[in-house]
1. Roughly how far apart, in whole Å, are the Cα centres of region A:143-157 and region B:58-86?
2. In a Gaussian network model over chain B where Cα atoms closer than 10 Å are linked, find which of B:192, B:47, B:75 has the largest mean-square fluctuation.
3. Tell me the relative contact order for chain A as a rounded percent, counting alpha carbon contacts under 8 Å between residues six or more apart.
4. Under a crude label model (7 Å from the Cα following the beta-carbon direction), how far is residue A:192 from residue B:32 in nanometres?
5. Let me know the Rg and Dmax you get for chain B when you use only its Cα atoms, in Å.
6. With the other protein chains left in place, how much accessible area per residue, in square angstrom, belongs to the protein assembly as shown at a 1.4 angstrom probe?
7. Beyond 41 Å, what share of the Cα-Cα pairs of the protein assembly as shown is found? Please give it as a whole percent.
8. Express the Stokes-Einstein translational diffusion coefficient of region B:113-220 in µm² s⁻¹, to the nearest whole number, given a Kirkwood radius over alpha-carbon pairs, 10 °C and a viscosity of 1.306 mPa s.
There are 2 protein chains.
Amino acid sequence: MTLNCSIGEGRLGILGGMGSEATAYFLRTLAQRSQATSDQEHIPFVLLSCPEIPDRSSAMEAGTVDVPSIIRSRLEQLEDAGCGAVAIPCNTAHYWRRDFASSLQIPLIDMVSATAQHAARLGARSAIVLGTRSTMKHRLYGDSLEKLCIRLMDVEEATIRATGCAIALAKSGDPDSSWKQLAHALHACRALHPDVIILGCTELPMVVPPGTMAVDLVDSDACLADACVRWWQSLSTGVEEPDIQFSEEIANEP
Amino acid sequence: MTLNCSIGEGRLGILGGMGSEATAYFLRTLAQRSQATSDQEHIPFVLLSCPEIPDRSSAMEAGTVDVPSIIRSRLEQLEDAGCGAVAIPCNTAHYWRRDFASSLQIPLIDMVSATAQHAARLGARSAIVLGTRSTMKHRLYGDSLEKLCIRLMDVEEATIRATGCAIALAKSGDPDSSWKQLAHALHACRALHPDVIILGCTELPMVVPPGTMAVDLVDSDACLADACVRWWQSLSTGVEEPDIQFSEEIANEP
């Protein structure tokens with residue numbers, strides 16, 4: 001049998017490896033949230049795993065264009081491979097999402113917008129976002145939250161530091177120590193009484209011990225996974241759900 | 001920046017989705033066993049996730065050629081995309097591994113051979129393999145184990161049934177019930193005193209509760225991951241390790 005089609009035809013494209021274990025955790029979340037009861041009901045996709053992409057936070061701080069250029073080129077490879085949409089399970093990379101979306105003909109399923117919309121559905125009016133130093137300092141979630149009338153609250157330097165330690169420990173394969181740092185950060189956040197705390201880095205949901213995901217936590221991994229499932233379902237039903245985050249939505253943002 | 005290269009160039013190719021959560025678990029294992037301390041030290045790969053591939057066990061029982069043809073075509077797509085080697089985190093699909101390896105110009109990193117070799121390194125002289133009914137009934141591991149002087153032991157029908165239940169429960173997203181069934185099967189196996197018990201289905205390692213992977217269990221997921229890491233390291237060092245499972249090794253099997 002010869003398949004006369006591109007490798008991504010009819011599939012979701014995922015750009016991963018930022019980092020590798022976090023991407024695996026995202027795929028587990030995607031599988032678990034697909035409500036599939038047999039292998040064949042899951043979403044077909046191509047994952048291009050590019051751990052070689054240099055650190056996103058450093059690139060943001062330095063203002064260099066190399067890193068967003070590499071990411072954009074990799075997304076274009078997924079488009080050229082025939083994928084119907086692309087998703088990036090990395091919050092920090094979404095700093096350049098307008099740039100990515102504008103260079104693609106296919107939708108970019110936007111993790112930041114999907115997560116902000118979920119917070120709004122929960123009725124949140126205020127939120128703290130925990131993520132990389134760059135995500136927090138550059139208020140990555142600011143526009144998306146404020147458009148939905150959710151106030152993005154600032155945190156103290158010690159909380160940013162503890163979150164950064166949690167991310168670094170997760171990346172180095174020490175989830176227990178990572179969770180201790182994240183628990184410190186969460187404790188400090190809760191003293192400020194936000195309606196929700198967004199886990200806005202893909203390294204964070206995976207270190208939360210099973211069964212302890214509190215109701216005030218919004219998991220950006222799960223929000224992106226749900227948006228991917230809705231995109232996939234919209235393909236088969238032909239009905240576009242209004243809250244699926246496509247590139248057009250991003251292009252229309254102020 | 002334009003990347004004038006194929007999507008898989010310089011990358012490992014992985015054919016997944018059989019099933020989807022098991023593939024995510026394999027990728028986590030691959031990430032954890034890569035001994036990487038930063039994002040950039042992980043293995044770059046393309047995962048073609050094809051949950052739409054019909055059930056492998058049913059195809060083996062029916063003797064139909066459609067399913068191996070689809071798998072072979074998907075592996076060829078990974079080869080055409082420029083991948084340097086391919087791996088399939090699905091034991092049952094390895095029933096057709098000679099067919100796949102002979103149609104590829106790049107190595108197929110063979111999960112069954114890698115797992116058998118690991119059992120040999122542990123000093124095993126006898127083994128029970130737990131997997132799909134087809135894997136067990138058709139003695140998928142027979143040749144590879146016997147070549148290494150490891151006797152493949154048979155089990156009772158009740159053990160095959162319990163293992164099949166464990167796999168089905170894992171696929172349906174019920175790891176706790178799956179583990180109960182697997183624990184029944186393991187108990188029956190241990191009464192036969194094999195040197196090792198091979199978890200020869202990718203659905204099984206993921207339901208073993210953390211910290212309870214006993215020393216007599218051989219995890220085929222971990223063995224494939226280690227073989228992939230060795231392949232990747234051999235690319236950068238230029239030194240081929242003798243026990244990396246390439247297609248030539250399979251072609252030379254009796």
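1. About 48 Å separates the Cα centre of region A:143-157 from the one of region B:58-86.
2. B:192
3. Once divided by the residue count of chain A, the mean separation gives 23 percent.
4. 3.3
5. Answer for chain B, Rg first and Dmax second: 17.5, 61 Å.
6. Value returned for the protein assembly as shown: 39 Å² of accessible area per residue.
7. 20
8. Value of D from the Cα-based Kirkwood radius: 117 µm²/s.
The values are calculated or read from the model by the stated rules, or taken from the named source; none is laboratory data. Nothing here was measured: the structure is a model prediction, and the numbers come from that model. No Cβ is skipped: glycine too gets one built from the backbone with ideal geometry, and neighbour counts run over all protein chains shown. Please note that ligands, DNA and RNA were not included when accessible areas were found on the heavy atoms of the full protein model with its side chains. Shrake-Rupley method; radii C 1.70, N 1.55, O 1.52, S 1.80 Å.
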